[in-house]
Amino acid sequence: MSELNQMSNQAPASPERRRFVGVATAAAGLAIAPGVMLVEVAHGRPEDQAASSAVRWGMLVDATKCATGCNDCVTACSTENGWTPVAESAHPKQAPQWIRKLELQDPLTQMETNLPMMCQHCAEPPCVDVCPTGASFKRADGIVLVNRHTCIGCRYCMMACPYKARSLVHESLNDTQKPDVPRGIGCVESCTLCVQKVDRGDGNTACAEACTAAGHDALLFGDMNDPESEISKRLRELPTKQVRADLNLNLGVRYHGI
Amino acid sequence: MASITFREVEGSSLKYWLLFGGLGLFVLFGALAWNHMHHYGHVVTGMDNQIVWGLPHVFAVFLIVAASGALNVASIASVFNKPMYKPLAPLSAILSLALMLGGLLVLVLDLGRSDRLIVAMTHFNFKSMFTWNVFLYSGFFVLVGAYLWTMLDRNVKTYSKTAGTAAFIWRLVLTTGTGSLFGFLVARELYGTAMLAPMFIIMSFAYGLAIYLMVLAAAYAWTGRTLGDAVMMRLKTLLVVFVAAVLYFVVVHHMTNLYFTKYHAVEAFILRDGGIFTTLFWVGQILIGCVVPLVILLSKLGTQRTWIMVACALVVVGGVAQMYVTIIGAQAYPLDMFPGLIESSSFYDGVVHSYAPSVPELFLGLGGVAIALLVTVFAIKVLRLLPASLDDATVAKLEH
């Protein structure tokens, strides 16, 4: 500190230095401003405010509208969250898949059903129960996540998940990583309901946006606790099912047409 | 009661150091295997997002289960007051600690982030069976360590029974915890049953005793000490009871599943259509692991030392096969999310998952076995764990 004082006493501020400080301040202001503006514009949740249990984020999947051969939701998820599509992976069996298209067929009636399968964001998630470090956790707003700082890669959650929703990152990640979607080798990951978009205030997930853009409208994201939300209204009208309802896990993803 | 002289193994012969070096080499291979897996990630293993627990878990769980069982002999001596077993107790305790160490090392070195072990030691979720096991395993080291101390130090000998009883109860809870790692899993058909906890306990009795008998016989044969038939025959009979009990539990487990239609497909997979898993079940677990050892031990062959050793080795081989079927077989069968429907996807839904263990996985597992044996070999050199003689006359005196 005394050295610094000495330096400032000896060397009076030069005009160049003043200009630099001015430019730097302006640049910093410019860099921060859009972020501040974005929060205000989109009404996202401020970082210092905890997620609220008044909200329960969830999704309605209308399997009757889910198109055969369409993979738009999967592609959108991969693009938004930065995981390599399985078709491009050198190790497909070890490649993470946050969402996948599942094709079902009744062997007796031959009836075929298409639907996307991903983390079901259980209210009673078995993955959270079994996680030794608490890295697997459920946010107050119902989103089930993995804390990448405390995940030790034991894969017990993968053993426990009835939906095969989780993947281990088996190898070093390439440069497709997204700044707001932390991922890492040796950690487990799964669908986050696009938590970064939700917290930003986008009000939708990448998969649901892609499904709507493709004109299928098979995916509807929203707050299941808000009786006035679109998803709550539709859930009241449409008969829906939970996958493996026998486990009584109270899922955040509900299916129509299965 | 006659007193027994315990003496260290001299451990200066070429044979001793060859054994020591050989085991050390496998420990080194294990360390290199871990380094390889840690550097490149699990991509270099045969494990994937379908078979998430592979060969290292087979070795780790087997060693942990066997560790608990290796304490049998010590427990019988102190908890159930059988003087004949008392001289056998120190080896039983050290072997149990060594096997536990080997198993745990394999388990933690197979973590996706083995560098974050400290996180597992500082962040706990008490609803997780894994967290419970962290405490059960740590407590096991403390209690069995204290128990061993009471056996070796005359000053604390009076606490031997208390320490032995505590260790006995603890290891029963511990193996309940190990079995419950699988028993508490709701997603897979072959898990999610309370049956797994007692089944793992009885398996631990059999595997642990088989390993103990082999180590005991080898230690006495290779050091030229006398090991009488009285000890061997008594322990052999005990092994018969344990192996028969394992068979009983396995039969009851599968018979119960076979009664329920919803389990027919997964049972058909393990018992009939599962390829390698079916072979490992019938030939490995049932035939090699149970039936053949029972035939050997109950027939006239069972009176010969060599055949008892063969039976023990078969029980161990069968035990590894059992772990492979229990851990990997259950994962190979696809999750049944939509019962009655045929599922297919890019994520291998609805198909039987294949698994080919890689070389690093094998050597990581073998490294765990090697470290367990290395610790035992070193311990009997530096500690007075083995009686100088266990001939029939000495043992007979103990009983009176």
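For the reader, a short list of remarks on this structure follows.
- When residues of the stretch B:331-359 are limited to those that are more than 17 Å from A:Lys93 (Cβ to Cβ) and either surrounded by fewer than 18 Cβ atoms within 10 Å (Cβ to Cβ) or away from every other protein chain (no Cβ under 13 Å) (or both), the one nearest to the chain's Cα centre (by Cα): B:Val359
- Residue within the stretch A:166-177 that is within 23 Å of B:Asp349 (Cβ to Cβ), out of contact with any helix residue (DSSP H, G or I) (no Cβ under 9 Å at 6 or more places or on another chain) and of a type in the set (Ser, Thr, Tyr) present: no
- Inclusion of A:Ser172 among residues that are surrounded by fewer than 18 Cβ atoms within 10 Å (Cβ to Cβ) and at the interface with chain B (Cβ under 7 Å from one of its Cβ atoms) is warranted.
- Selection within the stretch B:106-151 - more than 14 Å from chain A (Cβ to nearest Cβ), buried (at least 16 other Cβ atoms within 10 Å of the Cβ) and touching a residue at least 24 places away in the same chain (Cβ under 8 Å): B:Gly139, B:Phe140, B:Leu143, B:Val144, B:Tyr147, B:Leu148, B:Met151
- Enumeration of residues in the stretch A:175-195 that are touching a residue at least 40 places away in the same chain (Cβ under 8 Å) and either among the aliphatic types (A, V, I, L, M) or away from chain B (no Cβ under 14 Å) (or both): A:Thr176, A:Gln177, A:Lys178, A:Val181, A:Val188, A:Thr192, A:Leu193, A:Cys194, A:Val195
- Residue match in the stretch B:41-49 (condition: more than 30 Å from B:Phe347 (Cβ to Cβ) and either part of a helix (DSSP H, G or I) or of a type in the set (D, E, K, R) (or both)): no
- Within the span defined as the stretch A:194-205, one or more residues are part of a loop (DSSP other than H, G, I, E, B), of a type in the set (Ser, Thr, Tyr) and either in contact with a strand residue (DSSP E or B) (Cβ under 8 Å, 6 or more places away or on another chain) or at pLDDT below 95 (or both).
- The stretch A:124-133: number of residues that are touching a residue at least 24 places away in the same chain (Cβ under 8 Å) and part of a loop (DSSP other than H, G, I, E, B): 4
- Scanning the stretch A:246-258 for residues that are within 11 Å of chain B (Cβ to nearest Cβ) and either within 22 Å of B:Lys262 (Cα to Cα) or assigned to a loop (DSSP other than H, G, I, E, B) (or both) yields A:Asp246, A:Leu247, A:Asn248, A:Leu249, A:Ile258.
- Check on B:Ala206, under 17 Å from the mean Cα position of the chain (by Cα), under 30 Å from A:Met159 (Cα atoms) and free of Cβ contacts under 8 Å to residues at least 40 places away in the same chain: no
- Complete set of residues in the stretch A:154-168 that are assigned to a loop (DSSP other than H, G, I, E, B) and under 16 Å from the mean Cα position of the chain (by Cα): A:Ala165, A:Arg166
- Identity of the residue in the stretch B:226-257, outside any helix (DSSP H, G or I) and in contact with a helix residue (DSSP H, G or I) (Cβ under 6 Å, 6 or more places away or on another chain), that ends up surrounded by the most Cβ atoms within 10 Å (Cβ to Cβ): B:Leu227
- Among the candidates A:Cys211, A:Cys151, residue that is in a loop (DSSP other than H, G, I, E, B) and out of contact with any Phe, Trp or Tyr (no Cβ under 7 Å at 6 or more places or on another chain): A:Cys151
- Within the stretch A:72-85, the set of residues being hydroxyl-bearing (Ser, Thr, Tyr) and within 14 Å of another protein chain (Cβ to nearest Cβ) comprises A:Thr75, A:Ser78, A:Thr84.
- Residue among A:Thr75, A:Thr68, A:Thr79, A:Thr113 that is of a type in the set (Ser, Thr, Tyr) and buried (at least 17 other Cβ atoms within 10 Å of the Cβ): A:Thr113
- Total residues in the stretch A:134-147 satisfying the condition of being surrounded by fewer than 24 Cβ atoms within 10 Å (Cβ to Cβ) and either outside any strand (DSSP E or B) or over 16 Å from the mean Cα position of the chain (by Cα) (or both): the figure is 7.
- Which listed residue, of B:Val43, B:Val58, B:Val52, B:Val27, is on the phi < 0 side of the Ramachandran plot, without any contact (Cβ under 8 Å) to a residue 12 or more places away in the chain and not basic (Lys, Arg): B:Val43
- Selection from the stretch B:258-281 of residues that are assigned to a helix (DSSP H, G or I) and closer than 30 Å to B:Leu297 by Cβ: B:Leu258, B:Glu267, B:Ile270, B:Leu271, B:Arg272, B:Ile276, B:Phe277, B:Thr278, B:Thr279, B:Leu280, B:Phe281
- Filter pass, B:His42 being within 13 Å of another protein chain (Cβ to nearest Cβ) and touching a Gly at 6+ places or on another chain (Cβ under 7 Å): yes
- Among the residues of the stretch B:308-352, those that are touching a Lys or Arg at 6+ places or on another chain (Cβ under 7 Å) and without any contact (Cβ under 8 Å) to a residue 12 or more places away in the chain comprise B:Ser345, B:Ser346.
- When B:Met37, B:Met47, B:Met84 are screened for being surrounded by 16 or more Cβ atoms within 10 Å (Cβ to Cβ) and more than 14 Å from chain A (Cβ to nearest Cβ), only B:Met84 passes.
- With respect to being crowded, with 17+ Cβ neighbours inside 10 Å and either under 30 Å from B:Ala388 (Cα atoms) or under 24 Å from the mean Cα position of the chain (by Cα) (or both), B:Ala219 fits the description.
Okay, residues lined up against (1) more than 13 Å from every other protein chain (Cβ to nearest Cβ); (2) among the acidic types (Asp, Glu); (3) part of a loop (DSSP other than H, G, I, E, B):
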{"site": "A:Thr64", "(1), (2), (3)": "yes, no, yes"}
{"site": "A:Cys70", "(1), (2), (3)": "yes, no, yes"}
{"site": "A:Ala87", "(1), (2), (3)": "no, no, no"}
{"site": "A:Pro92", "(1), (2), (3)": "no, no, yes"}
{"site": "A:Arg100", "(1), (2), (3)": "no, no, no"}
{"site": "A:Pro107", "(1), (2), (3)": "no, no, yes"}
{"site": "A:Cys122", "(1), (2), (3)": "no, no, yes"}
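- Taking the conditions (1) away from chain B (no Cβ under 14 Å); (2) touching a residue at least 24 places away in the same chain (Cβ under 8 Å); (3) farther than 29 Å from B:Leu107 by Cβ; (4) hydroxyl-bearing (Ser, Thr, Tyr) in turn, A:Thr212 satisfies each one other than (2).
The values are calculated or read from the model by the stated rules, or taken from the named source; none is laboratory data. These numbers come from a predicted model, not from an experiment. FYI the Cβ positions are ideal-geometry reconstructions off the backbone, even for glycines, and counts take in every protein chain you see.
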